[in-house]
Amino acid sequence: MATRGNQPKQRVTNAGSVSAKSGKSGKPGGRPPKAPPIRQATPRDWIGGARLRTLPLAIAPVALGTGAAYLFDNDAGWHWVRALLCLVVAVGLQVGVNYANDYSDGVRGTDAHRVGPSRLTGSGAAKPRSVLTVAAVFFALAAIAGITVSLLSGFPWLVAVGAVCIVAAYFYTGGKHPYGYYGLGEVFVFVFFGLVATAGTMFVQVATVSFEAWLAGVAIGLLACAVLMVNNIRDAPQDRRAKKRTLAVLLGDGLSRALFAVFTLVPFGILAFFGTLFPNALYVFFALLAAVPAVIITLTGRTAPEFVLALKLTSLTALLFGVGLAAALAF
């Protein structure tokens, strides 16, 4: 899932460095209109471009799918190799989409209005072709791991599912009509970092998907939506100027904040159901220690640092929820 404002302290993008009137995604290797002189990006810049705070959204569904697989067939033991390959797929897609988002928004001119941490492409810290190449490398790693796990599990048709995931990841903000610019970003993260990641991880291990896996996928998918929503609430004023119509822009400030609360808290209602079947799942309510402050900050916050803190807390909530519920299912 791609978010904004997740990098460590970096330069502030010159608001006039890129024309926001460009409606094209640009050709690979092309520079943003009126971009500042390119300087060599530092390792810190590239690490920031990966947006490591979003990685819990890749780890949590794989953990849940593995826990559900063990619950379904614990006699078969742990399929560690397949689970680790699924993790490589999820992390590769997550980091790949983050770099692809950096590239696409940069050459499109969307980042001209950024007031927070700068991007590799939009700030001129790295050539667009270099950023796109790094995105392609991570997509390739995800593809290789996906092909391997599909063959090991005996379901080669899963390669087609993986291909759809990569295409969807790129066109989130890439291409002439990126669906992330039409309020569909939350649909993407719910489907691919919720349902597909959780159910797919279980399927390659035990050749079926249980009710528990689907329900857990819904819960973690909602938390992934919450992470994207709080990020887009923070960036709504800039996105509105750049004509990037995220769901936060379309709904407006008040409804977006309320929907964030729904995305964050409904999973704990699902958790209550799991608690009636798996007593250890009740321990996962510990994640509310991160979730409740995130909701309060988002409902009342006014400054960018407040929303960044809420984003960190929401990502932590997703990690605690996913790993904790996975353990409850397995043990």
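The rows are residues; the columns are (1) among the β-branched types (Val, Ile, Thr); (2) closer than 22 Å to Ile47 by Cα; (3) outside any helix (DSSP H, G or I).
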| residue | (1), (2), (3) |
| --- | --- |
| Val91 | yes, yes, no |
| Phe139 | no, yes, no |
| Leu152 | no, no, no |
| Ala163 | no, no, no |
| Val191 | yes, no, no |
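Among residues that are touching a Ser or Thr at 6+ places or on another chain (Cβ under 9 Å) and at pLDDT 95 or above, Val206 is not included.
Conditions tested, residue by residue: (1) out of contact with any strand residue (DSSP E or B) (no Cβ under 9 Å at 6 or more places or on another chain); (2) under 23 Å from Glu186 (Cα atoms); (3) hydroxyl-bearing (Ser, Thr, Tyr).
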{"site": "Lys127", "(1), (2), (3)": "yes, no, no"}
{"site": "Ala142", "(1), (2), (3)": "yes, yes, no"}
{"site": "Ile147", "(1), (2), (3)": "yes, no, no"}
{"site": "Ser150", "(1), (2), (3)": "yes, no, yes"}
{"site": "Ser153", "(1), (2), (3)": "yes, no, yes"}
{"site": "Gly162", "(1), (2), (3)": "yes, yes, no"}
{"site": "Cys165", "(1), (2), (3)": "yes, yes, no"}
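Going by the structure shown, is Leu55 in contact with a Leu (Cβ under 9 Å, 6 or more places away or on another chain) and within 23 Å of Leu215 (Cβ to Cβ)? So Leu55 fails the test. Against the definition (closer than 22 Å to Gly49 by Cβ, surrounded by 22 or more Cβ atoms within 10 Å (Cβ to Cβ), in contact (Cβ under 8 Å) with a residue 24 or more places away in the chain and out of contact with any strand residue (DSSP E or B) (no Cβ under 8 Å at 6 or more places or on another chain)), how does Val131 come out, yes or no? Yes. Per the conditions (1) over 19 Å from Val97 (Cβ atoms); (2) in contact (Cβ under 8 Å) with a residue 24 or more places away in the chain; (3) not small (Gly, Ala, Ser), the sole criterion not satisfied by Asp253 is (2).
Out of the residues in the range 141-173 that are closer than 20 Å to Leu52 by Cβ and small (Gly, Ala, Ser), which is farthest from the chain's Cα centre (by Cα)? Checking each candidate, the answer is Ala145. Taking only pairs six or more apart or across chains, which ones have beta-carbon atoms under 7 Å, a first residue in the range 236-248 that is within 18 Å of Leu259 (Cα to Cα), and a second residue that is surrounded by 15 or more Cβ atoms within 10 Å (Cβ to Cβ) and among the charged types (D, E, K, R)? Short answer, once both residue conditions are applied: Thr246/Asp239; Leu247/Glu186.
With the structure loaded, tell me whether Thr208 is β-branched (Val, Ile, Thr), surrounded by fewer than 17 Cβ atoms within 10 Å (Cβ to Cβ) and either part of a loop (DSSP other than H, G, I, E, B) or in contact with a Cys (Cβ under 8 Å, 6 or more places away or on another chain) (or both) or whether it fails that test. Taking the combined requirement at face value, the residue satisfies it. Residues that are out of contact with any Cys (no Cβ under 9 Å at 6 or more places or on another chain), surrounded by fewer than 20 Cβ atoms within 10 Å (Cβ to Cβ), among the aromatic types (Phe, Trp, Tyr) and not in a helix (DSSP H, G or I) do not occur anywhere in the range 46-69.
The values are calculated or read from the model by the stated rules, or taken from the named source; none is laboratory data. Everything numeric here is computed off the predicted structure, so don't read it as measured data. Because the Cβ atoms are built from the backbone with ideal geometry, glycine has one as well, and the counts that use them run over all protein chains shown.
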